[in-house]
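Presented below is the structure to which this report refers.
The values are calculated or read from the model by the stated rules, or taken from the named source; none is laboratory data. Treat the numbers as computed from the prediction; the structure is a model and nothing was measured. Ideal geometry is used to build each Cβ from the backbone, glycine not excepted, and the neighbour counts take in all protein chains shown.
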Amino acid sequence: MTYNTDRTGQGRWTPAARGSIGILWTNDTDSIGFLPIPRVDAAPVQALIDNAYAAGKTAAQAFDETAPFVAPLVNGTPIVKTGDIDNWREDRRGLSRPIRQATP
């Protein structure tokens, strides 16, 4: 068993450049996934997602915990875009939403 992979509607995504190359995405509700570029092994990123699922994390929490390991960082913060995950169209505001801080 794992998270849903329904890539529709609003959500967040980040380019993955470490571990595997592709796009890590979530709809912040119940779906998360990783789309690798052709001929790239998705196993390292999928293992992080699977570990979050096994630990009982939500899809949004799994994204928040996985993104820092795979995404390019700016001042230690992953580059994350928000918008329509069907077609990777950013919100018109053009703002990226920061990774949520984990709460104890």
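Considering only residues in segment 1-32 that are more than 17 Å from ASN87 (Cβ to Cβ), among the hydroxyl-bearing types (Ser, Thr, Tyr) and surrounded by fewer than 19 Cβ atoms within 10 Å (Cβ to Cβ), the one that is nearest to the chain's Cα centre (by Cα) turns out to be THR29.
Residues checked against (1) modelled with pLDDT of 90 or more; (2) in a strand (DSSP E or B); (3) touching a strand residue (DSSP E or B) at 6+ places or on another chain (Cβ under 7 Å); (4) surrounded by 20 or more Cβ atoms within 10 Å (Cβ to Cβ):
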{"residue": "PHE34", "(1), (2), (3), (4)": "yes, yes, yes, yes"}
{"residue": "ARG39", "(1), (2), (3), (4)": "yes, no, no, no"}
{"residue": "VAL45", "(1), (2), (3), (4)": "yes, no, yes, yes"}
{"residue": "GLY56", "(1), (2), (3), (4)": "yes, no, no, no"}
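Selection within segment 79-104: residues that are surrounded by 11 or more Cβ atoms within 10 Å (Cβ to Cβ) and β-branched (Val, Ile, Thr). The member of this set that is modelled with the lowest pLDDT is ILE99. Selection of segment 41-79 for residues being more than 18 Å from ASP28 (Cβ to Cβ) and among the aromatic types (Phe, Trp, Tyr) yields only PHE69. If the condition is being part of a strand (DSSP E or B) and more than 19 Å from ASP91 (Cα to Cα), then segment 1-30 contributes ASN4, ALA16, GLY22. Kindly list, by first and then second residue, each pair from a residue in segment 36-49 that is over 10 Å from GLY22 (Cα atoms) to a residue that is of a type in the set (Asp, Glu) and modelled with pLDDT of 90 or more, limited to pairs with Cβ atoms under 9 Å and residues at least 6 apart or on different chains. Short answer, once both residue conditions are applied: LEU48/GLU65. Looking only at residues of segment 58-78 that are at pLDDT 90 or above and of a type in the set (A, V, I, L, M), we find that the one that is surrounded by the most Cβ atoms within 10 Å (Cβ to Cβ) is ALA59.
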